[in-house]
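Report on the following structure.
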Amino acid sequence: MERPRYERVVLKLSGEALAGGQGYGIDPNVIHSIGQQLKEVIESGVEMAIVVGGGNIWRGMAGSAKGMDRATADYMGMLATVMNSLALQDALESEGVPTRVQTSIEMRQVAEPYIRRRAIRHLEKGRVVIFASGTGNPYFSTDTTAALRAAEIEADVILMAKNKVDGVYSADPSRDPHAVKYDSLTYMEVLNRGLGVMDSTASSLCMDNDIPLIVFNIDQRGNIRRAIFGEQIGTVVRGND
């Protein structure tokens with residue numbers, strides 16, 4: 001039987017990926033498709049943690065740019081990630097996958113507080129753990145949350161799921177027809193070239209802790225499994241060696 005290449009995975013889902021073609025909110029068809037794909041890989045023995053963004057509901061940077069206090073806008077964004085996490089939990093549990101949502105901001109009526117050892121124990125028992133509300137601090141992105149949680153739980157890889165693009169390009173492929181797709185990069189190349197794969201804090205965390213990153217298109221069904229089982233898809237970002 002084929003074995004997965006990565007046994008403990010952090011999947012980073014953007015809020016926009018959950019919105020599907022409608023561009024805002026949560027598309028039930030998209031979220032249930034993700035749930036079905038995750039069920040398939042979890043049944044193969046993969047330990048799965050998920051970090052979800054909130055851009056389909058609210059973006060703190062956008063609110064700040066329009067005059068809102070940055071910290072307040074970021075806290076609102078954290079609440080948006082909780083909404084997405086609960087929707088994803090519902091989709092997974094409708095597929096029979098046991099799931100726990102852990103939040104960096106306490107809201108015990110709807111989710112557990114984030115506790116590293118408890119999260120690891122859930123993973124060892126075959127439960128999916130969804131990390132919500134970012135790091136619990138303003139000014140930090142959910143990309144940084146994914147890097148931080150991956151380091152804390154000693155994940156083998158971060159899968160960065162994108163919609164509309166299938167990897168990292170030298171420029172925005174929707175605007176530049178000459179943009180070149182990279183099959184592999186180092187974190188230092190990402191930082192030096194300003195490629196915008198993750199913010200610099202997240203990239204530095206991954207580089208310092210030697211956590212590989214796979215950037216791929218989630219719109220194509222089955223890509224989560226392909227990435228976990230080691231097929232060459234998207235762009236792989238590694239340390240400098």
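Things to note:
- Test: residue in the range 37-56 that is over 25 Å from Leu148 (Cβ atoms), among the acidic types (Asp, Glu) and touching a helix residue (DSSP H, G or I) at 6+ places or on another chain (Cβ under 9 Å): yes
Let's see how each residue does on (1) under 21 Å from Glu152 (Cα atoms); (2) among the hydroxyl-bearing types (Ser, Thr, Tyr); (3) over 16 Å from the mean Cα position of the chain (by Cα):
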| residue | (1), (2), (3) |
| --- | --- |
| Leu11 | yes, no, no |
| Gly25 | no, no, yes |
| Glu40 | no, no, yes |
| Met48 | yes, no, no |
| Ser64 | no, yes, yes |
| Met76 | no, no, yes |
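- Inter-residue pairs, beta-carbon under 6 Å, first without any contact (Cβ under 8 Å) to a residue 60 or more places away in the chain and among the polar types (S, T, N, Q) and in the range 204-219, second surrounded by 17 or more Cβ atoms within 10 Å (Cβ to Cβ) and part of a loop (DSSP other than H, G, I, E, B), 6+ apart: Asn217/Asp166
- Residue, surrounded by the most Cβ atoms within 10 Å (Cβ to Cβ), within the range 206-221, restricted to residues that are aliphatic (A, V, I, L, M) and more than 18 Å from Glu40 (Cα to Cα): Leu213
- Among the helices (runs of 4 or more DSSP H) confined to the range 1-98, the ones with at least 3 residues that are touching a Leu at 6+ places or on another chain (Cβ under 8 Å) and buried (at least 20 other Cβ atoms within 10 Å of the Cβ) are located at 28-42, 70-94.
- In the set Arg70, Arg59, only one residue is within 18 Å of the chain's Cα centre (by Cα) and among the basic types (Lys, Arg); that residue is Arg59.
- Positions within the range 30-46 being within 14 Å of Val9 (Cα to Cα), out of contact with any Phe, Trp or Tyr (no Cβ under 9 Å at 6 or more places or on another chain) and of a type in the set (A, V, I, L, M), in sequence order: Leu38, Ile42
- Residue check for Glu47: closer than 18 Å to Ile214 by Cα, in contact (Cβ under 8 Å) with a residue 24 or more places away in the chain and of a type outside the set (S, T, N, Q): yes
- Those residues of the range 110-138 which are within 27 Å of Val236 (Cβ to Cβ), free of Cβ contacts under 8 Å to residues at least 60 places away in the same chain and assigned to a strand (DSSP E or B), in sequence order: none
- The one condition from (1) more than 30 Å from Glu93 (Cα to Cα); (2) crowded, with 17+ Cβ neighbours inside 10 Å that Gly194 does not meet is (2).
Every number in this text was worked out from the coordinates using simple rules, so none of it is lab data. It should be emphasised that the depicted structure is a prediction, and the values quoted were computed from it without experimental measurement. Glycine gets a Cβ as well: all are built from the backbone with ideal geometry, and neighbour counts include every protein chain shown.
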